[in-house]
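Chemist: Just passing along the structure, written as structure tokens.
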Amino acid sequence: MNQPHHHEQADSTLRWGGLAGASGSILLLLVFGIVAAFVGMDPVGPEAAVVRFPEISAARTVENGLYLVVLVLWAIHFLALHRALRTTSPTAALTRRSKPPSLRSSALITATGTKSTSAAGMRSVNWLP
């Protein structure tokens, strides 16, 4: 009886997380547009950047504020992804799965780049081009 409510909550979390990620990405493109329109190209020397800063300080303040909003929206997106992956596979939510140690090293590469079989007797693989 508790299961449909949990499924509905998971769908809502994914929906809001996806919306946060998409709106954060669109907002980042808007930030690039604001910088291109109001700030323009960077000056050539460091002295010119300091002299020009009072003219563009309002645009830079808006840029930094919107970038902070983008980071918050992406954090919400990543938390929603973590929550979704945590229910399917706890290890996928935190780390990348690696091969078992017995399959990880199937060949030994010598200093000259030649291949040789491993101690387990597996077929050799040439890892160098």
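The values are calculated or read from the model by the stated rules, or taken from the named source; none is laboratory data. This structure is a prediction, so every number in the text was calculated from the model and none was measured. For neighbour counting, all protein chains shown are included, and Cβ atoms are generated from backbone atoms with ideal geometry for every residue, glycine included.
Chemist: Can you find a residue that is under 14 Å from the mean Cα position of the chain (by Cα), at pLDDT 90 or above and surrounded by 10 or more Cβ atoms within 10 Å (Cβ to Cβ) anywhere in the stretch 29-52? Before you say what the answer is, go through the steps one by one.
Modeler: Of all residues in the stretch 29-52, those under 14 Å from the mean Cα position of the chain (by Cα) come to none.
Within the stretch 29-52 (the criterion being under 14 Å from the mean Cα position of the chain (by Cα), at pLDDT 90 or above and surrounded by 10 or more Cβ atoms within 10 Å (Cβ to Cβ)), the answer is no, since none of the residues qualifies.
Chemist: Tell me which residues, restricted to the stretch 64-77, are in contact (Cβ under 8 Å) with a residue 24 or more places away in the chain and not aliphatic (A, V, I, L, M).
Modeler: Correct list: Tyr67, Trp74, His77.
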